[in-house]
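Accompanying notes for the structure given below.
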Amino acid sequence: MELWELSAWEISEKVKAKEVSAQEVLEAHLSRIAEVDPSICSFLSVLEAEARIAASRVDAKIAGGEDPGILAGVPCALKDNLNLRGTACTCASKILDGYISPYTATAVARLIEQGAVITGKTNMDEFAMGSSTERSAFMVTRNPWDTDRAPGGSSGGSAAAVAAGLSTVALGSDTGGSIRQPAAFTGIVGLKPTYGRVSRYGLVAFASSLDQIGPFARDVRDAALVLEAMAGFDPADATSSDRPVVPWSKRLERPVKGLRAGVPKELLGFGVSEGVKSAFYSALERLAGMGVIVEETSLPSLAYALDVYYVIAPAEASSNLSRFDGVRYGLSKRGKGYLDMYRETRGEGFGPEVRRRIMLGTFALSADQYEAYYLRAAKIRTLIRRDFERAFQSYDVLLSPTTPTVAFKIGEESEDPMTRYMADVMTVSINLAGLPAVSVPCGFAEIPDGAGKEMPCGLQIIGKPFDEETVLAAAYAVESFVKEELEEKSAQMRRNLLLAEECEPVD
C-alpha cells in the first residue's frame, strides 16, 4: 500500500513508531498532488516549502522523545476560507486579491499543535456560496469519480482532495450543507459538528449563526480524530462552547443495538431519486439487522427550512461581506469618489452568485421588508429547533439521505440558481438548529444517463446538541457494512484518475 493510501490514524501510529517519517509521508502526498490534481483542480495553492518545514518539525519532536500529537505527520488540506498565517486566503474570490493572512485560525492552529502537516488551500465556491464548486473565481473542481461531474460544494476542493488520495484529511466549513453534501457526492465522510463545538475564529464568515468548521476523511475514525484535535472552547470566539472534548475516536465501537432512529418523512419528500432512496432504505435495513430501532417520524416545520435558510443566510452574508470595500485589504478600484470606489471594487471583485445573495440579504434586512422576511424567518427557525427538540425526546438520532440525487454534471442547469439551492434541501435545517450531523457513504446509485454507471451517495445521521459520540458511533456502524465495496471501488477510481484529462482554469 502506498503512503498516500493510509488513514490518518495509521500514519500517526507509523510516524510515532518511526516506521516511516513525516517527511516521507509528505513527499508521497506531494507527488500524488502533482500527478493527479491537474485532472480535478482541488488545490488553489500547494504549500510545499511550508509543509516540508512542518514535517521536519514533527520528525524532530519524535527524535527528541517528545509527543508529536495525535495527528503526527498527517497531511491536511484547508478550505481557502480558513486563515493560515503568511499564506493567501482568497475565499476563491477576486476581491481578496493580494491578501495574506496575518494570523492562523484556531481550528487550524490546534491541528498543527497535534502534528498535522498543512499541505495547501483548496478550491471552493466563492465565499462558500454554492453547492458545486463551479462558482470559484479561479477554477472548476471536478469529482474524482467522474470528472464530468461536480464534487458538490461549497467545500468541493477539500472533498475532492481527500477522495482522490491527495490529502489524508481536510477541513471545510458548513453553513447549509457545505461539508456533508460534497462528502456524499465524493464517497467520503463529512462531519458538521454542533454549533460552537469548534471555534470559528479565523474562518472568513458567511453567515455567522450558521457557519461551522468540520473535517473530511476517508473513514469515520479519521473524522473523529480530527474533531478531537480541534474541538474545545476558544476565548477568541464568544460562541464557542466549554463542553469537554471527548475521545470520540476511541468510542466508535459502542453497540448500536437498541439505538432509536427516526426517519423524518419530510426529508424524503424533496425529489429524492429512486437510486438514492434504494441505497438509503438498504442501509436502514442493515441497521435494523444490527438492532437499531428504525421508525418513520414527522417534523412538519422542515418543509419551510430551505425558504428560511435563503432569507437568514443572505441577510447575514450582506452584513459580513460589507467589510470587503476596497479600503482595508484585497482588491481596490479607484474612482472619482468613495461611492465609485465601493461600486467598482465590489462590482468587479464579487462574482454573480455572491452579488445575488448580498442583494437578497440587503433587501430582507431593509426597513420596509424586515418584518415580512427576516423576522418571520427567525420565528420559523425557532419552530424548526422545537421540532428537533420534540423528535429527540423519542429518538437518539435522525436519519435521511444526505442529498436528493447523486453528483450532477458540471454546467447542468447552471442558469437556474434554484436547481443548485435544492441540492442543500436535506441539510440546511441542521444548521438552522445548530445540531451535529455526519454524511457517511451508504452505497451507490446509478446516474440517470450513465448506462449503468454508478456514483456514491451518503446517509445523513443527525444528533442531539453536543452528542457527536452517538452520531459517530452510528456512522461507524453504517461504515462497517459498506466498507469493503467502497474501498474496492474507491481504489479503482483513484487508479482511473491517472488517465483523466487536465482541467482548465476559469476564464
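Quick grid of which residues meet (1) touching a residue at least 60 places away in the same chain (Cβ under 8 Å); (2) in the same structural domain as residue 70 (by TED's automatic domain parsing):
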{"position": "186", "(1), (2)": "yes, yes"}
{"position": "195", "(1), (2)": "yes, yes"}
{"position": "201", "(1), (2)": "yes, yes"}
{"position": "212", "(1), (2)": "yes, yes"}
{"position": "217", "(1), (2)": "yes, yes"}
{"position": "238", "(1), (2)": "no, yes"}
{"position": "255", "(1), (2)": "no, no"}
Could you grab me the full set of residues in the stretch 270-285 that are surrounded by fewer than 17 Cβ atoms within 10 Å (Cβ to Cβ) and more than 20 Å from residue 429 (Cβ to Cβ)?
274, 278, 281, 282, 285
May I ask you to verify whether residue 24 is assigned to a helix (DSSP H, G or I), assigned by TED's automatic domain parsing to the domain that holds residue 151 and either under 24 Å from the mean Cα position of the chain (by Cα) or over 30 Å from residue 126 (Cβ atoms) (or both)?
yes
Grab the helices (runs of 4 or more DSSP H) fully contained in the stretch 336-421, keeping just those with 3 or more residues being under 26 Å from the mean Cα position of the chain (by Cα), in contact (Cβ under 8 Å) with a residue 40 or more places away in the chain and surrounded by 15 or more Cβ atoms within 10 Å (Cβ to Cβ).
352-365, 376-391, 417-421
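Condition check ((1) in a helix (DSSP H, G or I); (2) under 21 Å from the mean Cα position of the chain (by Cα)) across all residues:
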residue	(1), (2)
181	yes, yes
184	yes, yes
191	no, yes
208	no, yes
216	no, yes
224	yes, yes
239	no, yes
242	no, no
277	yes, no
Among the residues of the stretch 237-263, which ones are surrounded by 13 or more Cβ atoms within 10 Å (Cβ to Cβ) and small (Gly, Ala, Ser)?
240, 241, 249, 261, 262
Would you confirm whether any residue within the stretch 203-216 is at negative phi, among the β-branched types (Val, Ile, Thr), surrounded by 24 or more Cβ atoms within 10 Å (Cβ to Cβ) and in contact with a strand residue (DSSP E or B) (Cβ under 6 Å, 6 or more places away or on another chain)?
yes
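Let's see how each residue does on (1) among the charged types (D, E, K, R); (2) surrounded by fewer than 19 Cβ atoms within 10 Å (Cβ to Cβ):
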position	(1), (2)
425	no, no
428	no, no
440	no, no
459	no, no
467	yes, yes
472	no, no
491	no, yes
Given (1) at pLDDT below 95; (2) within 18 Å of residue 167 (Cβ to Cβ), index of the condition residue 97 fails
(2)
Residue pairs qualifying under the 6 Å Cβ cut-off, at least six apart or on distinct chains, with the first in the stretch 8-29 being closer than 18 Å to residue 119 by Cβ and the second being modelled with pLDDT under 95, are none
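The values are calculated or read from the model by the stated rules, or taken from the named source; none is laboratory data. Note that the coordinates shown come from a computational prediction; the quantities given were computed from them, not determined experimentally. So basically every Cβ, Gly included, is an ideal-geometry build from the backbone, and we count neighbours across all protein chains shown.
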